1. Shape verdict for region 2-139, please, from the Cα gyration tensor: rounded (a/c under 1.5), prolate (a/b greater than b/c) or oblate.
2. Of L46, V66, Q25, which is farthest towards the positive pole of region 2-139's charge dipole, taken about the Cα centre with +1 and -1 on the beta-carbons of Lys, Arg and Asp, Glu respectively?
3. Please work out whether region 1-52 counts as rounded, prolate or oblate from its C-alpha gyration tensor, where a ≥ b ≥ c are the square roots of the eigenvalues and a/c under 1.5 means rounded, while otherwise a/b larger than b/c means prolate and anything else oblate?
4. Using unit Cβ charges (K, R positive; D, E negative) and no other charged atoms, how large, in debye to the nearest 20, is the dipole of the chain about its Cα centre?
Amino acid sequence: MRGSRLFGALLAAVWLTVAILAVRQGADYYRTPIADRAFAPQHELLKPSGLVGHGYGIAGTLMMLVGVALYSARKRISALKGAGGLGNWLQFHIFLCTLGPFLVLLHTTFKFGGIVSIAFWSMTVVVASGVFGRYLFARIPKAMDGRFRDLREVEQEIERLENAIRAAAAVPERR
């Protein structure tokens, strides 16, 4: 468990470092009104077809493709069962599939329009649903071995805890 938390913290640190560096590099450009960006000194690098802007788009797209493919493969291919815990793979999937869309957002230079905006907003919905799903997943009661607990097990645990509290506090049993 400790290794998993350390791995998650490392991924979070890398994510934040990449995001902060990318935003710092282009902050002036991204704050420039869209009509004036063509005259900004960083335009040739950061525009969507520029070296850095295009690189953001390519890197972000590859991150999403690799993140989905690797996690899906780990879950479905039995030969990969021994290649680390599924929780770490999920963390890596989340890392790639949130940083990727962020880089795609920088690639767009926050300019949305036309048919491409449909793809962008679809991607945004997928990322948001993944974040929400991860939140729900964390809230579902699980046993020590990681499997989901059924209602009967949860009710038994509640009863056991209530009995322990009653015994410790000398509270009479409820009727």
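1. Since a/c reaches 1.5 and a/b is larger than b/c, the shape of region 2-139 is classed as prolate.
2. Working it through, the farthest residue towards the positive pole turns out to be V66.
3. prolate
4. 300
Read-outs: derived from the displayed coordinates by stated rules, not from any lab. These figures come from a predicted structure and were not determined experimentally. Positions of Cβ are backbone-derived with ideal geometry, glycine not excepted, and every protein chain shown enters the neighbour counts.
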